[in-house]
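Each remark here refers to the structure printed beneath this line.
We did not get these values from a lab; they are worked out from the coordinates using the rules stated. Here the structure is a predicted model, which is why all the values come from computation and not from measurement. Neighbour counts are summed over all protein chains in view; Cβ atoms, including those assigned to glycine, are modelled from backbone coordinates with ideal geometry.
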Amino acid sequence: MRNSTPEISTADRRAQIIVTLDEKGQVDVQELSDYFMVSPVTIRNDLSYLEEKNLLYRTRGGAIKQTKVAMDLAFSEKARKNSDQKKRIGMKAAELVHEGDTIILDSGTTTMEIAKCIKGLRNLTVITHALNIASELAGVDGIEIIMPGGILRNKSFSLVGSQAEQNLRNFFCDKLFLGVDGLDPAYGISTPCASEAQLNRVMAEISTEVIVVADSSKFGKRSLALILPVNKIDKVITDQDITEEEKQKWVTQNVEIITA
């Protein structure tokens with residue numbers, strides 16, 4: 001940002017914050033305070049006002065762009081978003097699972113829908129770090145569940161950390177079904193949580209095929225932690241609202257797009 005003056009109006013200052021946010025993707029309270037020559041309290045008030053207008057998301061010490069960056073929402077909040085699309089994606093993904101497979105189900109609301117749809121299969125091994133998915137499949141005849149252990153993340157009901165990563169490396173699986181918060185063809189797939197991203201990378205390393213499951217609202221978004229670049233992804237299963245233009249961005253990079 002260029003130097004400013006203390007005489008700038010509140011409206012102009014807030015407008016410049018949005019411009020900066022659009023360019024950089026995130027802003028810092030102290031940097032904005034120094035630039036505009038106003039107190040951090042004034043900047044925090046500006047950010048609160050802009051958040052009320054749905055123009056950004058507040059973060060610790062700053063803010064991030066509302067339209068491009070995926071937030072780390074609680075499981076219950078995610079479950080309410082695009083639930084019909086997630087059910088269709090789950091059903092379509094389940095069609096790729098065959099008896100005798102060993103699969104990984106990542107944590108998330110869309111992968112939960114896959115779990116609900118594979119209960120009729122037999123001789124199936126499911127590796128998951130998601131407590132709710134393990135609970136969903138517990139006691140189902142013909143399905144063996146393996147959990148890697150780790151530290152519980154309350155937002156996602158998932159177990160993460162070095163213990164989970166180390167234990168996962170003892171296995172090999174046919175297919176990984178990966179839920180993500182952001183898909184950008186120039187960046188890759190991403191999630192708000194760095195520990196989830198690290199565990200997801202280990203999952204991909206031990207899997208023959210990486211299949212991303214995400215509704216169309218996730219496309220064109222980036223989140224804090226990169227999971228994988230595009231060239232590490234085999235398939236993406238999404239809903240029919242994905243645009244043809246967005247689909248082609250992935251197809252041209254040898255990623256198969258399946259719509260449900």
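Hey, in the GNM for the chain with a 10 angstrom Cα cutoff, which one of ILE233, ILE89, ILE242 fluctuates hardest? Highest fluctuation of the listed residues: ILE242. For the range 114-257, the spread of Cα coordinates along the three principal axes comes to 43, 33, 26 Å, biggest extent given first.
Across the alpha-carbon set of the chain, the Rg to Rh ratio works out to 1.05, Rh being the Kirkwood radius. Listed by Cβ neighbour count within 10 Å, with the fewest neighbours leading, ARG88, ARG122 appear as ARG122, ARG88.
In this simple spin-label approximation, GLU52 and MET91 carry label points 7 Å from Cα along the Cα→Cβ vector, and these lie 4.4 nm apart.
Sorted fewest first by neighbouring Cβ atoms within 10 angstrom, ILE43, ILE8 come out as ILE8, ILE43. Can you list the lysines whose alpha carbon sits under 18 Å from that of LYS65, skipping same-chain ones fewer than 8 residues off? Correct list for LYS65: LYS24, LYS53, LYS218, LYS221.
Per residue of the chain, the DSSP helices (runs of n ≥ 4 H) give a summed -39500 (n - 2.57) that works out to -11000 deg cm²/dmol at 222 nm. For the range 101-183, the C-alpha radius of gyration sits at 1.02 times the compact-globule guess of 2.2 N^0.38 Å, with N the residue count. Helix 40-52 against the longest principal axis of the chain: what's the angle in degrees, Cα atoms only, rounded to the nearest 10? Helix 40-52 sits roughly 50 degrees off the main axis of the chain.
Neighbours of THR259 by Cβ distance under 12 Å: Lys/Arg scored +1, Asp/Glu scored -1, total -2.
For the range 205-214, 3J(HN,Hα) computed residue by residue from phi via the Karplus equation (6.51, -1.76, 1.60; θ = phi - 60°) reads 4, 9, 10, 6, 9, 9, 10, 8, 10, 7 Hz, glycine and proline entered as x.
Can you give the percent of C-alpha pairs in the range 180-257 whose distance is more than 15 Å?
50 percent
Here the extension length gained between ALA11 and GLU256 equals 83.6 nm, from 0.36 nm per residue of separation less the Cα-Cα distance.
Calculated FRET efficiency, HIS98 to GLN166, Cβ-Cβ distance, R0 = 30 Å: about 0.55 to the nearest 0.05. Normalising the average separation of contacting C-alpha pairs (under 8 angstrom, six or more residues apart) by the number of residues puts the relative contact order of the chain at 15 percent. Selection among THR238, THR191, SER39 by position relative to the dipole of the chain gives SER39 as farthest towards the positive end (Cβ unit charges, Cα centre). Amide H contacts of GLY62: VAL29, each under 5 Å away and 5 or more positions distant or on a separate chain (H built 1.01 Å from N in the peptide plane; Pro and chain starts excluded).
Per q in 0.21 1/Å, what log10 I(q)/I(0) does a Debye calculation on the alpha-carbon atoms of the range 8-62 return? Taking Cα atoms of the range 8-62 as identical point scatterers yields -0.69. A Cα-only calculation for the range 162-225 places Rg and Dmax at 12.1, 35 Å. The string of couplings for the range 9-22 from the Karplus curve (6.51, -1.76, 1.60, θ = phi - 60°) is 6, 4, 5, 5, 4, 5, 5, 5, 4, 5, 4, 4, 4, 5 Hz, one whole number per residue in order, with x for Gly and Pro.
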